[in-house]
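The values are calculated or read from the model by the stated rules, or taken from the named source; none is laboratory data. Just so you know, these numbers come straight off a predicted model, no measurement behind them. Neighbour counts are summed over all protein chains in view; Cβ atoms, including those assigned to glycine, are modelled from backbone coordinates with ideal geometry. Side chains included, ligands, DNA and RNA excluded: accessible areas come from the protein's heavy atoms. Shrake-Rupley method; radii C 1.70, N 1.55, O 1.52, S 1.80 Å.
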Amino acid sequence: MQRKMSAASSKPQTSAESFCRRSRAPPRRTERPTLRNLNPIFRKREPSEDNTILTEKLLKLARLRGELNLSSRALATVPEKVYEINEPDESVEVTLDGLVAKEEDAWWNQVPIRNLDLSSNQLTHLSPKIEKLNTLNALMLHDNALTSLPREIAQLERLLRLNLSHNKLCELPHELFRLPNLRYLNLSHNEFVELHPDISDLHMLEVLRLPKRLCSSSPHLKILDLRDNKIAELPDEIGHLQSLIRLDLSNNSITNLPYSLSTLPHLTSLQVEGNPIKSIQRHILQCGTVRILKTLRDRAESAEISSKSSNSSLLQNFDNRAMGGDGLNSPRRQPVDEDSIFPDRYKMRKTRCLAVTMQQLNDVPGEVFEAAADENVNLVDFSRNRLTTLPLGLLAMKDVATEIIFANNLISYVPPFISQFTRITLINFSCNNLSTLPQEFGVLVTMRELNISNNRFEYLPSCIFELKSLEILLARDNRIKGIDATINGLGSLQRLATLDLRNNDIEQVPPILGNLINITTLDIIGNPFKLPRHQTLEKGTEAIMSYLRDRIPT
């Protein structure tokens with residue numbers, strides 16, 4: 001019996017049992033991951049990886065449109081091909097057979113890069129090669145981690161818009177302040193404590209701190225964004241920004257608001273949330289802009305009355321000595337009271353503005369301008385009066401005035417002494433009876449804006465073509481019959497960006513006007529010319545300029 005069982009146990013295995021046993025896999029051995037094997041999601045990008053972001057398709061599209069959008073691509077560095085985008089692609093083989101098939105790749109169909117968007121990435125710096133992109137009009141660098149900018153950015157002389165907000169900048173290269181055409185600069189949400197005073201050389205700014213020179217040299221600033229910085233004090237000179245509409249001071253360290261804010265005539269939005277302001281009660285701050293400005297205005301008037309009552313004799317003696325006893329505040333000539341039509345020294349000193357409008361004036365005493373010059377007044381506004389020429393006393397302000405406004409008068413003659421205003425940046429002679437300007441007008445090389453709308457001009461005076469710094473020329477609603485766009489005419493104004501010739505008698509628009517590549521706003525509607533057609537005019541400046549360039553004889 002035992003022999004049988006032993007024999008049974010020693011029987012050979014069946015083929016099925018043998019197959020199952022052979023097919024069993026050996027036990028799996030697991031290896032612990034090492035740092036060398038890991039591929040983390042959040043890691044530093046290599047330049048080689050960034051270079052792959054700019055594909056040939058994106059590159060080709062950018063060269064056709066003049067725009068490149070690399071926003072939100074997690075870039076740590078700018079792809080090298082971006083800096084070479086304006087250079088011809090030598091790797092493209094041009095053959096006679098391929099000209100038709102690949103016409104979109106042809107160099108004559110490519111346009112220089114104008115808009116570059118590198119926002120919402122991880123950039124910490126820019127290469128000095130940025131200077132190769134000197135055709136840029138707009139550069140978007142916001143929402144990055146930039147700590148500095150290369151000085152070569154000053155080579156972008158055509159740049160109009162620069163957005164550097166939401167970075168880690170604490171200073172700017174002083175070369176940046178040499179950009180001649182910059183209109184929009186956003187520096188909010190950075191780490192600035194102060195800015196270089198040369199920033200006042202820029203015209204349209206949204207900055208983080210206000211050097212005194214900035215206020216006096218930017219009278220046309222409309223929007224100022226200073227939120228999320230470390231500003232502790234707002235200077236009185238902010239009252240110079242007479243065109244300011246919106247001021248955002250949110251989330252700073254401001255404890256006191258200057259009275260000069262109440263003198264800003266167009267300020268409709270004042271944001272002060274997130275500041276430890278102690279000089280104004282909290283419930284007033286919560287009431288908004290109108291209530292805040294009224295509080296500041298009431299306090300300024302109270303302080304002025306108090307100052308005058310306590311120092312009236314001292315001020316009277318000072319004015320008599322300074323003006324020979326016969327000055328602006330002299331009791332014999334023009335006593336200072338609430339009914340006086342001329343502002344007193346205190347107001348001019350605080351606002352740097354001499355504004356006397358809607359008073360039906362035929363003339364202005366010379367002492368008014370002498371007092372304004374003593375207080376370093378920059379802005380002179382005598383609009384909506386009945387003046388027939390510029391008052392001779394205005395000459396007293398030739399070394400201090402930067403903006404002169406004599407709109408809505410009866411002026412038919414501009415005296416040659418206007419050429420002595422060496423610091424002038426804006427002149428407004430709109431709504432008068434002018435038909436010509438003196439030849440001496442052409443020496444005003446600091447002029448940036450000229451408004452001669454609603455007059456009687458039949459042509460643009462040749463002296464205007466000598467204003468090499470002119471950026472804005474407004475000449476609508478005249479009797480202008482033609483446009484001189486040659487190099488001796490408008491073609492000589494290399495910085496001209498805005499040209500308004502609406503509602504004139506222009507019978508022909510010269511195609512060479514399209515060569516003024518810096519013009520971003522062109523208004524010529526309301527004239528009797530037949531070309532360009534109205535449909536083209538409605539498409540805007542870019543379409544008009546393109547239409548004109550296409551018709552330049554070759």
Filtered residues of the stretch 390-424 (kept if touching a residue at least 40 places away in the same chain (Cβ under 8 Å) and among the β-branched types (V, I, T)): T402
Condition broken by R476, with the remaining ones in (1) closer than 27 Å to I411 by Cα; (2) out of contact with any Ser or Thr (no Cβ under 7 Å at 6 or more places or on another chain); (3) in contact (Cβ under 8 Å) with a residue 40 or more places away in the chain satisfied: (2)
Near pairs, Cβ below 6 angstrom, 6+ apart or cross-chain, from the stretch 520-534 (at positive phi) to any residue that is surrounded by fewer than 11 Cβ atoms within 10 Å (Cβ to Cβ) and not in a loop (DSSP other than H, G, I, E, B): none
Residue, farthest from the chain's Cα centre (by Cα), within the stretch 503-554, restricted to residues that are open to solvent by 80 Å² or more (accessible area, probe 1.4 Å) and among the β-branched types (V, I, T): T554
Flag if I427 is aliphatic (A, V, I, L, M) and within 18 Å of P343 (Cβ to Cβ): no
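Table: residues versus (1) at pLDDT below 75; (2) out of contact with any His (no Cβ under 9 Å at 6 or more places or on another chain); (3) buried (at least 17 other Cβ atoms within 10 Å of the Cβ).
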position	(1), (2), (3)
L328	yes, yes, yes
P331	yes, yes, no
Q334	yes, yes, yes
D337	yes, yes, no
D363	no, yes, no
F369	no, yes, yes
E375	no, yes, yes
Answer residue from the stretch 257-285, given it is over 20 Å from A232 (Cα atoms) and over 27 Å from the mean Cα position of the chain (by Cα) and is least open to solvent (accessible area, probe 1.4 Å) among those: I284
Per-region count, the stretch 408-423, residues surrounded by fewer than 19 Cβ atoms within 10 Å (Cβ to Cβ), assigned to a loop (DSSP other than H, G, I, E, B) and not polar (S, T, N, Q): 3
Residue within the stretch 431-444 that is of a type in the set (G, A, S) and buried (at least 21 other Cβ atoms within 10 Å of the Cβ) present: no
Selected residue (criterion: nearest to the chain's Cα centre (by Cα)) from residues of the stretch 339-361 that are surrounded by fewer than 17 Cβ atoms within 10 Å (Cβ to Cβ), more than 18 Å from L264 (Cβ to Cβ) and modelled with pLDDT under 85: M358
Test: residue in the stretch 216-229 that is on the phi < 0 side of the Ramachandran plot, open to solvent by 70 Å² or more (accessible area, probe 1.4 Å), modelled with pLDDT of 80 or more and in a loop (DSSP other than H, G, I, E, B): no
Residue within the stretch 474-486 that is within 25 Å of N378 (Cα to Cα) and open to solvent by less than 50 Å² (accessible area, probe 1.4 Å) present: yes
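Among the residues of the stretch 436-443, are any free of Cβ contacts under 8 Å to residues at least 40 places away in the same chain, of a type outside the set (A, V, I, L, M, F, W, C) and in contact with a Phe, Trp or Tyr (Cβ under 6 Å, 6 or more places away or on another chain)?
So far as the stretch 436-443 goes, no, none of its residues is free of Cβ contacts under 8 Å to residues at least 40 places away in the same chain, of a type outside the set (A, V, I, L, M, F, W, C) and in contact with a Phe, Trp or Tyr (Cβ under 6 Å, 6 or more places away or on another chain).
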Filter pass, L496 being open to solvent by less than 10 Å² (accessible area, probe 1.4 Å), assigned to a loop (DSSP other than H, G, I, E, B) and within 28 Å of R423 (Cβ to Cβ): yes
